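The values are calculated or read from the model by the stated rules, or taken from the named source; none is laboratory data. These figures come from a predicted structure and were not determined experimentally. Cβ placement follows ideal geometry from the backbone for every residue including glycine, while neighbour counts extend to all protein chains displayed. Surface accessibility is based on the protein's heavy atoms, side chains included, excluding ligands, DNA and RNA. Shrake-Rupley method; radii C 1.70, N 1.55, O 1.52, S 1.80 Å.
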Amino acid sequence: APAPATAKGSGPAAGVADARAAAAAAADLDALHAAIRAFEGCALKRGARSTVIADGDPAARVMVIGEAPGRDEDRVGKPFVGRSGELLDRMLAAVGLSRTAADPAAAAYVTNVVYWRPLENRRPSGDEVAMLTPFLERHVELARPEVLLLAGATPAQALLGTELGITRLRGSWRRWRGLPVLPTFHPAYLLRQPLKKREVWADLLALRAALDGEEIPA
Ligand code: URA
(Lines give C-alpha, C1' and ligand atoms only; values in the text may rest on other atoms or scores of the structure.)
Protein backbone atom coordinates (compact mmCIF):
# COMPACT_ATOMS: atom_id res chain seq x y z
CA ALA A 1 0.00 0.00 0.00
CA PRO A 2 1.26 3.53 -0.68
CA ALA A 3 2.69 5.32 2.32
CA PRO A 4 0.34 7.96 3.73
CA ALA A 5 1.22 11.50 2.71
CA THR A 6 2.99 13.42 5.44
CA ALA A 7 4.21 16.97 5.61
CA LYS A 8 7.36 15.83 3.84
CA GLY A 9 5.48 13.49 1.53
CA SER A 10 3.50 14.26 -1.58
CA GLY A 11 0.00 15.41 -2.41
CA PRO A 12 -1.81 18.69 -1.86
CA ALA A 13 -1.72 18.59 1.96
CA ALA A 14 2.04 18.15 1.96
CA GLY A 15 2.35 20.97 -0.55
CA VAL A 16 0.35 23.31 1.67
CA ALA A 17 2.47 22.47 4.72
CA ASP A 18 5.68 22.97 2.74
CA ALA A 19 4.44 26.25 1.30
CA ARG A 20 3.39 27.48 4.73
CA ALA A 21 6.77 26.64 6.24
CA ALA A 22 8.72 28.17 3.36
CA ALA A 23 6.60 31.34 3.36
CA ALA A 24 6.82 31.78 7.13
CA ALA A 25 10.60 31.42 7.02
CA ALA A 26 11.00 34.26 4.50
CA ALA A 27 12.13 37.35 6.39
CA ASP A 28 11.94 39.77 3.47
CA LEU A 29 10.68 39.99 -0.10
CA ASP A 30 13.91 38.74 -1.67
CA ALA A 31 13.80 35.68 0.57
CA LEU A 32 10.14 35.13 -0.24
CA HIS A 33 10.76 35.34 -3.98
CA ALA A 34 13.64 32.87 -3.61
CA ALA A 35 11.39 30.54 -1.60
CA ILE A 36 8.73 30.67 -4.32
CA ARG A 37 11.32 29.92 -7.01
CA ALA A 38 12.60 26.99 -4.97
CA PHE A 39 9.14 25.56 -4.24
CA GLU A 40 8.57 22.20 -5.89
CA GLY A 41 5.12 21.41 -4.47
CA CYS A 42 3.07 22.74 -7.37
CA ALA A 43 2.88 20.56 -10.47
CA LEU A 44 2.19 23.59 -12.68
CA LYS A 45 5.85 24.50 -12.34
CA ARG A 46 6.86 21.52 -14.43
CA GLY A 47 4.85 22.74 -17.43
CA ALA A 48 6.01 26.36 -17.20
CA ARG A 49 9.01 28.20 -18.61
CA SER A 50 9.08 30.91 -15.96
CA THR A 51 8.26 31.47 -12.34
CA VAL A 52 6.30 34.71 -12.54
CA ILE A 53 6.21 36.56 -9.25
CA ALA A 54 5.84 40.32 -9.24
CA ASP A 55 6.32 43.61 -11.02
CA GLY A 56 6.21 47.25 -10.01
CA ASP A 57 7.25 48.89 -6.80
CA PRO A 58 6.99 46.77 -3.62
CA ALA A 59 6.79 50.05 -1.68
CA ALA A 60 3.60 51.05 -3.52
CA ARG A 61 0.47 51.94 -1.59
CA VAL A 62 -1.56 49.66 -3.85
CA MET A 63 -0.91 45.96 -4.43
CA VAL A 64 -2.80 44.36 -7.32
CA ILE A 65 -3.39 40.62 -7.21
CA GLY A 66 -4.33 38.72 -10.36
CA GLU A 67 -4.87 35.05 -11.05
CA ALA A 68 -2.02 33.34 -12.86
CA PRO A 69 0.45 33.99 -15.66
CA GLY A 70 -0.68 33.39 -19.22
CA ARG A 71 1.38 32.63 -22.29
CA ASP A 72 2.94 36.09 -22.56
CA GLU A 73 3.78 36.27 -18.87
CA ASP A 74 5.32 32.79 -18.99
CA ARG A 75 7.49 33.88 -21.92
CA VAL A 76 8.59 37.20 -20.39
CA GLY A 77 8.70 36.14 -16.73
CA LYS A 78 6.66 39.12 -15.48
CA PRO A 79 2.99 39.36 -14.48
CA PHE A 80 0.44 41.13 -16.65
CA VAL A 81 2.50 41.79 -19.78
CA GLY A 82 -0.04 40.56 -22.35
CA ARG A 83 -3.31 42.14 -23.46
CA SER A 84 -4.84 42.03 -20.01
CA GLY A 85 -1.70 43.62 -18.67
CA GLU A 86 -2.05 46.50 -21.11
CA LEU A 87 -5.61 47.00 -20.00
CA LEU A 88 -4.60 46.76 -16.34
CA ASP A 89 -2.02 49.48 -16.93
CA ARG A 90 -4.67 51.70 -18.55
CA MET A 91 -7.04 51.07 -15.65
CA LEU A 92 -4.38 52.04 -13.13
CA ALA A 93 -3.32 55.07 -15.18
CA ALA A 94 -6.90 56.32 -15.16
CA VAL A 95 -6.58 56.85 -11.42
CA GLY A 96 -3.01 58.10 -11.44
CA LEU A 97 -1.23 54.83 -10.72
CA SER A 98 1.52 53.06 -12.60
CA ARG A 99 3.79 50.14 -11.88
CA THR A 100 6.68 52.13 -13.33
CA ALA A 101 6.12 55.27 -11.23
CA ALA A 102 9.18 56.40 -9.33
CA ASP A 103 7.06 57.77 -6.48
CA PRO A 104 5.58 55.00 -4.28
CA ALA A 105 2.49 57.18 -3.81
CA ALA A 106 1.73 56.81 -7.53
CA ALA A 107 3.08 53.30 -7.92
CA ALA A 108 1.49 49.88 -8.04
CA TYR A 109 2.88 46.49 -7.10
CA VAL A 110 1.48 43.60 -9.11
CA THR A 111 1.43 39.88 -8.41
CA ASN A 112 -0.72 36.78 -8.91
CA VAL A 113 -2.10 33.96 -6.77
CA VAL A 114 -0.31 31.40 -8.95
CA TYR A 115 3.29 31.73 -10.17
CA TRP A 116 3.26 29.22 -13.01
CA ARG A 117 1.12 29.23 -16.10
CA PRO A 118 -1.74 26.72 -16.04
CA LEU A 119 -1.77 24.95 -19.39
CA GLU A 120 -4.59 25.94 -21.74
CA ASN A 121 -4.98 29.02 -19.54
CA ARG A 122 -7.48 27.18 -17.37
CA ARG A 123 -8.48 28.63 -14.05
CA PRO A 124 -6.24 27.39 -11.22
CA SER A 125 -7.87 24.63 -9.19
CA GLY A 126 -8.96 25.07 -5.59
CA ASP A 127 -6.05 22.84 -4.50
CA GLU A 128 -3.54 24.95 -6.42
CA VAL A 129 -4.95 28.15 -4.94
CA ALA A 130 -4.93 26.71 -1.41
CA MET A 131 -1.36 25.47 -1.80
CA LEU A 132 -0.01 28.83 -2.94
CA THR A 133 -2.02 31.11 -0.67
CA PRO A 134 0.57 31.01 2.15
CA PHE A 135 3.04 32.64 -0.24
CA LEU A 136 0.51 35.27 -1.23
CA GLU A 137 -0.32 36.04 2.39
CA ARG A 138 3.34 36.39 3.28
CA HIS A 139 3.84 38.54 0.18
CA VAL A 140 1.17 40.97 1.38
CA GLU A 141 2.58 40.95 4.92
CA LEU A 142 6.07 41.79 3.70
CA ALA A 143 5.07 44.37 1.08
CA ARG A 144 2.71 46.07 3.55
CA PRO A 145 0.51 47.88 1.01
CA GLU A 146 -2.27 50.16 2.22
CA VAL A 147 -4.87 48.67 -0.10
CA LEU A 148 -5.30 45.47 -2.11
CA LEU A 149 -7.01 45.46 -5.49
CA LEU A 150 -8.14 41.93 -6.33
CA ALA A 151 -8.56 41.24 -10.04
CA GLY A 152 -11.18 38.53 -10.44
CA ALA A 153 -12.51 35.63 -8.42
CA THR A 154 -9.26 33.74 -7.86
CA PRO A 155 -7.53 36.23 -5.54
CA ALA A 156 -10.86 36.77 -3.77
CA GLN A 157 -11.12 33.02 -3.23
CA ALA A 158 -7.54 32.93 -1.93
CA LEU A 159 -7.66 35.84 0.51
CA LEU A 160 -11.31 36.22 1.41
CA GLY A 161 -12.01 32.50 1.47
CA THR A 162 -15.27 33.00 -0.27
CA GLU A 163 -16.81 31.13 -3.15
CA LEU A 164 -19.02 34.12 -3.92
CA GLY A 165 -18.76 35.05 -7.56
CA ILE A 166 -16.87 38.18 -8.47
CA THR A 167 -20.08 39.77 -9.75
CA ARG A 168 -21.37 39.67 -6.18
CA LEU A 169 -18.08 40.68 -4.60
CA ARG A 170 -16.86 43.47 -6.80
CA GLY A 171 -17.14 47.03 -5.72
CA SER A 172 -17.55 46.48 -2.00
CA TRP A 173 -14.70 46.85 0.40
CA ARG A 174 -13.68 43.83 2.44
CA ARG A 175 -10.92 43.35 4.93
CA TRP A 176 -8.08 40.88 5.02
CA ARG A 177 -6.48 40.95 8.48
CA GLY A 178 -7.67 44.52 8.79
CA LEU A 179 -6.26 45.60 5.43
CA PRO A 180 -8.81 47.14 3.04
CA VAL A 181 -9.42 44.93 0.01
CA LEU A 182 -11.36 45.87 -3.10
CA PRO A 183 -12.40 43.07 -5.46
CA THR A 184 -13.07 44.02 -9.05
CA PHE A 185 -13.37 42.32 -12.42
CA HIS A 186 -10.28 40.86 -14.02
CA PRO A 187 -9.04 42.77 -17.10
CA ALA A 188 -9.21 39.58 -19.17
CA TYR A 189 -12.94 39.47 -18.44
CA LEU A 190 -13.25 43.12 -19.50
CA LEU A 191 -11.60 42.29 -22.81
CA ARG A 192 -14.45 39.83 -23.40
CA GLN A 193 -17.18 41.97 -21.80
CA PRO A 194 -16.26 45.60 -22.48
CA LEU A 195 -19.58 46.88 -21.12
CA LYS A 196 -18.42 45.80 -17.66
CA LYS A 197 -15.76 48.50 -17.76
CA ARG A 198 -18.34 50.87 -16.35
CA GLU A 199 -18.41 48.91 -13.07
CA VAL A 200 -14.63 48.71 -12.92
CA TRP A 201 -14.45 52.43 -13.46
CA ALA A 202 -16.62 52.87 -10.36
CA ASP A 203 -14.32 50.52 -8.44
CA LEU A 204 -11.25 52.44 -9.53
CA LEU A 205 -12.83 55.70 -8.39
CA ALA A 206 -13.52 54.09 -5.01
CA LEU A 207 -9.88 53.04 -4.86
CA ARG A 208 -8.75 56.57 -5.74
CA ALA A 209 -11.05 58.08 -3.12
CA ALA A 210 -9.68 55.72 -0.46
CA LEU A 211 -6.11 56.66 -1.39
CA ASP A 212 -7.13 60.29 -1.17
CA GLY A 213 -8.31 59.76 2.39
CA GLU A 214 -11.97 58.92 2.08
CA GLU A 215 -13.01 56.64 4.90
CA ILE A 216 -13.24 52.97 3.94
CA PRO A 217 -16.12 50.99 5.44
CA ALA A 218 -14.81 48.75 8.25
N1 URA B 1 -3.80 37.36 -15.97
C2 URA B 1 -3.45 37.32 -14.67
O3 URA B 1 -4.26 37.09 -13.81
N4 URA B 1 -2.19 37.53 -14.36
C5 URA B 1 -1.28 37.80 -15.26
O6 URA B 1 -0.14 37.99 -14.87
C7 URA B 1 -1.65 37.86 -16.60
C8 URA B 1 -2.92 37.64 -16.94
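With a 1.4 Å probe and every protein chain left in place, tell me how much accessible area Met131 has, in Å² to the nearest 10.
20 Å²
Using only the Cα atoms, what convex hull volume per residue in Å³ does the range 105-218 have? Could you put the intermediate results ahead of the total?
On the way: hull volume 13.0 nm³, N = 114.
So the per-residue hull volume is 114 Å³.
For the chain, the longest stretch holding no trypsin sites (Lys or Arg not before Pro) located in a DSSP loop with at most 12 other Cβ atoms within 10 Å is which? Working shown, then result.
On the way: sites that count: Lys8, Arg122, Arg177.
Formally, the longest exposed-site-free interval is 9-121.
Would you mind telling me which residue in Pro183, Pro12, Pro118 has the biggest mean-square fluctuation in a Gaussian network model of the chain, where springs connect alpha carbons within a distance under 10 angstrom?
With Cα springs under 10 Å in the chain, the top fluctuation among Pro183, Pro12, Pro118 is at Pro12.
Students often forget the sequence filter, so: which aspartates and glutamates lie under 20 Å Cα-Cα from Lys196 once same-chain residues fewer than 8 apart are removed?
Once the sequence-local aspartates and glutamates are set aside, what remains near Lys196 is Glu67, Glu86, Asp89.
Farthest toward the dipole's positive end in the range 102-185, which of Val129, Pro183, Leu148, given Cβ charges of +1 (Lys, Arg) and -1 (Asp, Glu) about the Cα centre?
Going by the Cα projections, it comes out as Pro183.
Nearest 0.05, what FRET efficiency do Asp72 and Thr162 give at R0 = 25 Å with Cβ-Cβ as r?
Calculated value: 0.30.
Which of the listed residues, Gln157, Ile65, Thr111, is farthest toward the dipole's positive end in the range 31-182, when Lys, Arg count +1 and Asp, Glu count -1 at the beta-carbon?
Of the listed residues, the answer is Gln157.
Between exposed GluC sites (Glu not before Pro) in the chain, where DSSP calls loop and at most 14 other Cβ atoms lie within 10 Å, what's the longest gap?
Segment 41-145 is the longest.
Give the distance, in whole Å, between the Cα centre of the range 187-218 and the Cα centre of the range 115-186.
For the range 187-218 versus the range 115-186, the Cα centre distance is 16 Å.
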